[in-house]
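Read the structure below first, then the notes.
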Amino acid sequence: MTEALPGPLNSDDGDADREAVEQERAKLREFVKGLSTDDIKSGGWFTKLCAQALRSYTENATWEYFQQKYKGMPADGIVEQQIKLAAKYAGIEGGITSSLYTGTIAATIGSLGGASPATVPAGFVTFMVDLTYISQLQMRLAHDIAVIYRIPLDVNDPEDMFKLIRVAFGVRAGEAMRSGVTKFVPGLVRQVLKKYYSGPVLAAAKSLPFVGKHLLQRNIIKFAIPGIGIPLTILVNRYTTVFAGRHARSVFREEARVIELADTLIRRTRHLQLMLWVTWLVINADGKITDAERLLFQRLTRLARERHQINDGQLANVVDIDPDEVWHRVDAEPGNLSDIVYAAERVATIDGDLNKHEKAIIAELRDRCHR
């Protein structure tokens, strides 16, 4: 990728890959040296990293770039390649980082029970370079996946920025780390990890103000066990990066699927305004609105405005959708309404299998449309 993840990710040359990682580590070393103690303790390091990691990067890592680089490959294939490449760089960085730690320093961090790396001068910079490198790598990976699936993100928009961070370092990722790492590593290591997760290291990590507590937890664990630092660091770096990528793929691919359906429904319908009313009725059939349903309707109304200048103020003011009102509109519409039935069926399955309420609505709709 351009300078992403962290440099040109199109090389099969191991030496070139390592050099790219070393160059990015050098940049981050200067970044870490510029941080104050307050930056570390308050969590300000992460805010500054976000600005540095994405400011110029997003200008180059565009959808057009990926289309040019991977001509003819569908989005799923490009995303899988990006996850693979990011994991490769994460593993290389893990090997470099762990080799810089001596057994004495690793033992010291472990004996301190997860104290802030700032209290371990010999290991502080290396620890923070590793933490910022992997954080930046996974943030950029999440950004790339959103771009590849054509999910609009403006890193200058606080809401979009929060969304990106939530996906890259979300609660689900943290929960997976707490249970996932212990399942991933060899059996002998697993017992030691369980000790650290249930002991003072975890308690100390929870008290530190780092953004995303699991980021700090996994770094402490990587270096807190003397004798297994290098293989464990490589495994954890690769595993967490793959997991972050797959989580981002799951989130952004789902959004892309919903957006694609909205575009299809808008193109196929001959009764746009009626389709919006029926869609809202189906969405509200079971009394709850899922994220996928909310996104779908938001996209439909946006496309209706932008492409057809339709802005239904009456529908926008609806609090409780009245089925009789919708049926009245259906009965009043002449001609073939198969497009409305098709839309209702697709909308009902956007968040999974049909429930009994959605089935009842669609059965009624079919009956009225066929009449």
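The values are calculated or read from the model by the stated rules, or taken from the named source; none is laboratory data. Every value quoted in this text rests on a predicted model; they were computed, and no experiment measured them. Backbone-built Cβ (ideal geometry, glycine too); neighbour counts: all protein chains shown. These area figures cover heavy atoms from the full protein model, side chains too; ligands, DNA and RNA do not enter into them. Shrake-Rupley method; radii C 1.70, N 1.55, O 1.52, S 1.80 Å.
Here is how the numbers come out for the structure above:
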read-out: Residue in region 337-353 that is more than 29 Å from the chain's Cα centre (by Cα), open to solvent by 30 Å² or more (accessible area, probe 1.4 Å) and within 22 Å of residue 150 (Cβ to Cβ) present; value: no
read-out: Selection from region 127-154 of residues that are assigned to a helix (DSSP H, G or I) and among the aromatic types (Phe, Trp, Tyr); value: 127, 133
read-out: Selection status of residue 150, on the phi > 0 side of the Ramachandran plot, at pLDDT 90 or above and open to solvent by 10 Å² or more (accessible area, probe 1.4 Å); value: yes
read-out: Those residues of region 10-26 which are at pLDDT below 55 and touching a Lys or Arg at 6+ places or on another chain (Cβ under 8 Å), in sequence order; value: 10
read-out: Some residue of region 349-367 being among the aliphatic types (A, V, I, L, M), part of a helix (DSSP H, G or I) and in contact with an Asp or Glu (Cβ under 7 Å, 6 or more places away or on another chain); value: yes
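To keep it simple, each residue is scored yes or no on (1) closer than 24 Å to residue 125 by Cα; (2) part of a helix (DSSP H, G or I); (3) open to solvent by 20 Å² or more (accessible area, probe 1.4 Å); (4) among the acidic types (Asp, Glu).
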| residue | (1), (2), (3), (4) |
| --- | --- |
| 18 | yes, yes, yes, no |
| 32 | yes, yes, no, no |
| 83 | no, yes, no, no |
| 87 | yes, yes, no, no |
| 91 | yes, yes, no, no |
| 99 | yes, yes, yes, no |
